[in-house]
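The values are calculated or read from the model by the stated rules, or taken from the named source; none is laboratory data. Values in this document were obtained by computation on a predicted structure and should not be read as measured data. Glycine gets a Cβ as well: all are built from the backbone with ideal geometry, and neighbour counts include every protein chain shown.
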Protein chains: 2
Amino acid sequence: SFLPTSISFPLIKGEKWKQESKKKVIHSVKVGIALVLVSLVYLLDPLFAQVGENAMWAIMTVVVVFEFSAGATLSKGINRAIGTILGGGLGCLAAILADEFGGIGNAVVVGTSVFITGAAATYSRLDPRIKRRYDYGAMIFILTFNLVAVSDVRANKVIKLAKQRLSTIGLGFAVCIFTSLLVFPIWASDELHRSTASKFEKLACCFQGRLEEYFAIPDNEENLPNADVKDCKSVLHSKSTDESLANFAKWEPWHGKFGFFYPWDKYLEIGEVLRELAALLLSLKVCIQSSQQPEPNLRQGIKEPCEIIGLSLAWIMRELGESILNMKRCRAKAVIAPKLQSIKQELSRLSSPLQIEGLEIDENLAISTFIF
Amino acid sequence: SFLPTSISFPLIKGEKWKQESKKKVIHSVKVGIALVLVSLVYLLDPLFAQVGENAMWAIMTVVVVFEFSAGATLSKGINRAIGTILGGGLGCLAAILADEFGGIGNAVVVGTSVFITGAAATYSRLDPRIKRRYDYGAMIFILTFNLVAVSDVRANKVIKLAKQRLSTIGLGFAVCIFTSLLVFPIWASDELHRSTASKFEKLACCFQGRLEEYFAIPDNEENLPNADVKDCKSVLHSKSTDESLANFAKWEPWHGKFGFFYPWDKYLEIGEVLRELAALLLSLKVCIQSSQQPEPNLRQGIKEPCEIIGLSLAWIMRELGESILNMKRCRAKAVIAPKLQSIKQELSRLSSPLQIEGLEIDENLAISTFIF
């Protein structure tokens, strides 16, 4: 009775798993379709006659650029395009410069420029900010620069080659964009939005789990669910996933509920607060297992007020999560704030004779700092 | 007097930063050298006469495979080699099969095989276990399969082409291995080893910082260091870094202190325990800031025993970290265990009239479960 959602929770999980694998199948089929489309360049003779062996670059682009989410695909594609153009342009300059010298001088100039550009671009790739957003572009820059600089071809031939290569890369990119964005798109922004909202639910479950554990009679201890600890840890370790999702979400064009200049960084801030809360819940678990805690029978005395507080806190968490999911201004100021006030009073009434309550106050504080 | 290491800590940090940037410069220079070496295939005429335009694949291999640590380079190189061979072989089979049919049948067979292989390999890439270790190999498999299957060439020409391409890829890989492993190698295993050991130091500093904060007189509050919170969070969010380092470390051959079958998973386990401790320390911070804590003047009464306990705990943490760094069996059973026992007794003596001590016990418990 005290944990009304625990029955429906496995159901939600199964549902989520089904959705995840459906997405995976859709993505795989989309990659297959994109590959077949781009292979047509080879298979249809008139097209192949135009681009020749450069058709290879179209296939390469599709294989390398097509990522799970639309944002990741766009980010890689644009990185690839800019890297190719910059690298090709600079490589051309280096080749022309090297041509001025002849014989061994040519090789020396090419070698030096390859060394300097390669080392400098590699060093810039190690910078965290560049690595996060432009790593792939820098790699393609190095590659294109090298290929163009070393292949000692006359200027007019270079321009023709560059045109063909760029057009095939553009073709591959167009196929990617078409299949990735227009056919059953998988948005990183949706994923970030949903995962952030579901974190509230996860933490609420985790919190209820802790309360249940604390008031459980030790006999049926093996019946206790351990799944919420895993959920709690998944929230705790979500930093890198969130960051890459937010990064991809920024590349995604306007769609659905998300406009341009949508404040994705706010999601990262919320995630940070939720991770701190998850850390708190995890240490609450260690706290409960401590041998310094009072006897189970003694705990029953404070069971009722704690359950009321726990239910309200979990309810507030779910309310916040839902309001984020549905993008509605939640009833925070009208409903939640007085509720938090009463919880705080109730807790300070309880906490004088009780050790563990000290922690719940902090949780409360964390939540209130989060709301205001 | 109470924080003897806080003076030397910034020094250590500057030292570490210097080492980090030295490593980055070394890596960049190595990449530059590798690129020049592999460009020689183009620049030296006799070599170029042998491989022709396929020399491109050698450059591509170096640019794509050369990673920061030796383990990452090896892992990518081996993935690339296996992916190329498997994809090329299967692609050949598909091309030969398609050749049996003529005209439009050929295109249909090639298209179908491209679709099925592409979709299946992409689906397998979404599996977390495969993604972690073989993601790059699967991508190269799809790429090579496609390129070989669509390029409708006679069997004897294919074998010649495959031989040339494989030999240039092998050449590029050899250059990578040579510069990555033999010239100032940067080992992922060293990095994992050092970072695990330094986590102990970070947490010890963080713990001392908490104690100082608790007993500080509010006047000079702005003097308090906030760096340790950042350190604590960096430990908390180290999961994905640790996992990728351990993954690369497994690919690295025997070197220095690390033999074959070195138990890298143990590092992940230690990391997990340390992350839980970091979570505990973070929530200790929230706890200290709670308005429910006693007045600063009242806190001074328990200052001395707490400082003794804190110093011993920090000492134990540093001892453990050092013993891991130097790979010596630490004096755990002889020295640390009785020390922990006395801390525990001291704490239970203190904890009856005091709220916050409840947390320190848990920390103690976490440490003891970690030692035994």
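Could you look through the stretch B:142-155, keep only residues that are under 22 Å from B:Lys76 (Cβ atoms) and more than 7 Å from chain A (Cβ to nearest Cβ), and pick out the one that is surrounded by the most Cβ atoms within 10 Å (Cβ to Cβ)? Reasoning before the result, please.
Step one: filter the stretch B:142-155 for residues under 22 Å from B:Lys76 (Cβ atoms), giving B:142-148.
Next, from what is left, pick out any that are more than 7 Å from chain A (Cβ to nearest Cβ): B:144-145, B:148.
Details: B:Thr144: 23, B:Phe145: 29, B:Val148: 23.
Out of the qualifying residues, it is B:Phe145.
Quickly run through the stretch B:107-141 and pick out the residues that are over 16 Å from B:Ile85 (Cα atoms), more than 8 Å from every other protein chain (Cβ to nearest Cβ) and surrounded by fewer than 21 Cβ atoms within 10 Å (Cβ to Cβ).
B:Val108, B:Val109, B:Thr112, B:Ser124, B:Asp127, B:Pro128, B:Arg129, B:Ile130, B:Lys131, B:Arg132, B:Arg133
Please go through the stretch A:258-285 and pick out each residue that is exposed (fewer than 15 other Cβ atoms within 10 Å of the Cβ) and either under 13 Å from the mean Cα position of the chain (by Cα) or in a loop (DSSP other than H, G, I, E, B) (or both).
Across the stretch A:258-285, the qualifying residues are A:Gly259, A:Phe260, A:Phe261, A:Pro263, A:Asp265.
Which residue is modelled with the highest pLDDT, if the candidates are limited to the stretch B:46-81 and must be among the charged types (D, E, K, R) and farther than 20 Å from B:Leu161 by Cα?
Pass one, the stretch B:46-81, residues among the charged types (D, E, K, R): B:53, B:67, B:76, B:80.
Filter once more, keeping what is farther than 20 Å from B:Leu161 by Cα: B:67, B:76.
Details: B:Glu67: 87, B:Lys76: 90.
Taking the candidates together, the pick is B:Lys76.
Out of B:Ile26, B:Ile33, B:Ile78, report the one residue that is of a type outside the set (D, E, K, R) and under 23 Å from B:Arg133 (Cα atoms). Please lay out each step first, then the result.
Details: B:Ile26 fails: under 23 Å from B:Arg133 (Cα atoms); B:Ile33 fails: under 23 Å from B:Arg133 (Cα atoms).
Exactly one of B:Ile26, B:Ile33, B:Ile78 is of a type outside the set (D, E, K, R) and under 23 Å from B:Arg133 (Cα atoms), namely B:Ile78.
Does A:Asn156 satisfy being assigned to a helix (DSSP H, G or I) and at pLDDT below 85? Before the answer, list the steps.
On the way: assigned to a helix (DSSP H, G or I): yes; at pLDDT below 85: yes.
Yes: the conditions hold for A:Asn156.
Which one is nearest to the other protein chains (Cβ to nearest Cβ), of the residues in the stretch B:237-257 that are in contact with a Ser or Thr (Cβ under 6 Å, 6 or more places away or on another chain) and in a helix (DSSP H, G or I)? Show your work before the answer.
Within the stretch B:237-257, the subset in contact with a Ser or Thr (Cβ under 6 Å, 6 or more places away or on another chain) is B:240, B:248-249, B:251-252.
Restricting the remaining residues to those that are in a helix (DSSP H, G or I) gives B:240, B:248-249, B:251.
Working: B:Ser240: 4, B:Phe248: 16, B:Ala249: 19, B:Trp251: 20 Å.
Within the stretch B:237-257, the match that is nearest to the other protein chains (Cβ to nearest Cβ) is B:Ser240.
Would you pick out the residues in the stretch B:37-51 that are in contact with a Phe, Trp or Tyr (Cβ under 8 Å, 6 or more places away or on another chain) and buried (at least 22 other Cβ atoms within 10 Å of the Cβ)?
B:Val41, B:Tyr42
Considering only residues that are at negative phi and surrounded by fewer than 24 Cβ atoms within 10 Å (Cβ to Cβ), which ones fall in the stretch A:52-74? Quick ask: steps written out before the conclusion?
Here is the first cut: in the stretch A:52-74, the ones at negative phi are A:53-74.
If the condition is that a residue be at negative phi and surrounded by fewer than 24 Cβ atoms within 10 Å (Cβ to Cβ), then A:Glu53, A:Asn54, A:Met56, A:Trp57, A:Met60, A:Val64, A:Glu67, A:Phe68, A:Ala72, A:Leu74 are the ones that fit.
Please work out if A:Arg194 is touching a residue at least 24 places away in the same chain (Cβ under 8 Å), in a helix (DSSP H, G or I) and farther than 20 Å from A:Tyr262 by Cβ. Lay out the reasoning, then the answer.
Working: touching a residue at least 24 places away in the same chain (Cβ under 8 Å): yes; in a helix (DSSP H, G or I): yes; farther than 20 Å from A:Tyr262 by Cβ: no.
The answer is no for A:Arg194.
Can you pull out the helices (runs of 4 or more DSSP H) entirely within the stretch B:6-99 that have at least 2 residues that are within 13 Å of chain A (Cβ to nearest Cβ) and of a type in the set (Val, Ile, Thr)?
Working: elements: B:8-43, B:45-51, B:55-65.
Output list reads B:8-43, B:55-65.
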